[in-house]
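Here the structure comes first, spelled out in structure tokens, and everything after it is commentary.
A short reminder: the numbers here are calculations on the coordinates, not readings from a lab. The structure presented is a predicted model; accordingly, all values stated were derived computationally and were not measured. FYI the Cβ positions are ideal-geometry reconstructions off the backbone, even for glycines, and counts take in every protein chain you see.
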Amino acid sequence: MVISREYVFPTYQMGEERYGDTPEASVYVSLGNRMHIVDGLGSYIGFHKDKYFQDAHGQALTARTQKKFKRLKIIYSTRIRIGKNEAKYRALRTLNHVSKLLMLNEQVRDRTAYLYKKVTSETAGSVGNNILLIAVCLLMAVREFKDGAPITLDEIADVFEKCGHRVNVRAMVREALRLKSLTGYAPEIRKPKDYVPRVLSMLMNNARVSSKIKSRGWDLKSYENALREKISTVLEMIPSSKRGGRNPFIFTVSVAYASDRLIAAEYGKSPVLTQKLTSTATEVAEYSIRDHFGMMKKIIELSGEVVQ
């Protein structure tokens, strides 16, 4: 039974592993087209970024042969390798840059590239903006991985803007709807629970929050576990009909603020979080936290919980 999606590296190393600068002969070959780049025939001259070449026995080539292979490697790595795939090449290069800025793992990146190639193959001739398409495919991938890639729609749009591309939230939503009509693919709607690990991480890694936790007599791990459990409890209390169309990330941040007040009352301690401190740690506006908390406070109190 398959219980999870697994990705393996699409290259295989022939020969012993290379350690340091030792001239041991090792060759990497591609097992097929790699997802995140436009591949050529499958293998490179030397290593991917080599500028100094050796023969099969690890001996340095002559100066004349070095110059020859350097020229051949440059030619192979540009227009001849890309061919008619320049738009795809630029889109995938942008994906690699964006993935690093968002600190996404290789599985999310490769899933994005797979979706992009699948959509372009199924909608031949109807792709007008490859950068916008790769942004929507990235949105699909992070939604598939749920709490493994808790990236928001706004963050995806912002990072593409920083890379110099005119991608905004409205354009991404419009393109997602167009893709749904063409291929049936559509990004899944995020749930607040998908953002719980990220919100906890942002709070616990804030120096001011950690200092206040200790000053209240809490052990950091004990507080984190208690807060995580209470967040899950509060999320179950509030039905989706009451949450409406509220931003799930902001909603989760507000639930964390409310949960802190609940565990403070339960353990007889002073609350750790204030609206300002929560706002600073998570980069969510104070008025948004205040608005969400006002809505959920009545529901929490009706369930019998005491909110300080």
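Test of understanding: extend the Cα→C-beta vector of K297 to 7 Å, then name every residue of the stretch 231-247 with backbone N under 18 Å from that spot. Backbone N within reach: 234-235, 238, 243. Of K242/K297; K221/K269; K68/K88; K70/K117; K162/K191, which ones are farther than 20 Å apart at the Cα? Exceeds cut-off: K68/K88; K70/K117; K162/K191. Let a ≥ b ≥ c be the square roots of the eigenvalues of the Cα gyration tensor of the stretch 192-302; is it rounded (a/c under 1.5), or, if not, prolate (a/b larger than b/c) or oblate? Verdict is prolate for the stretch 192-302.
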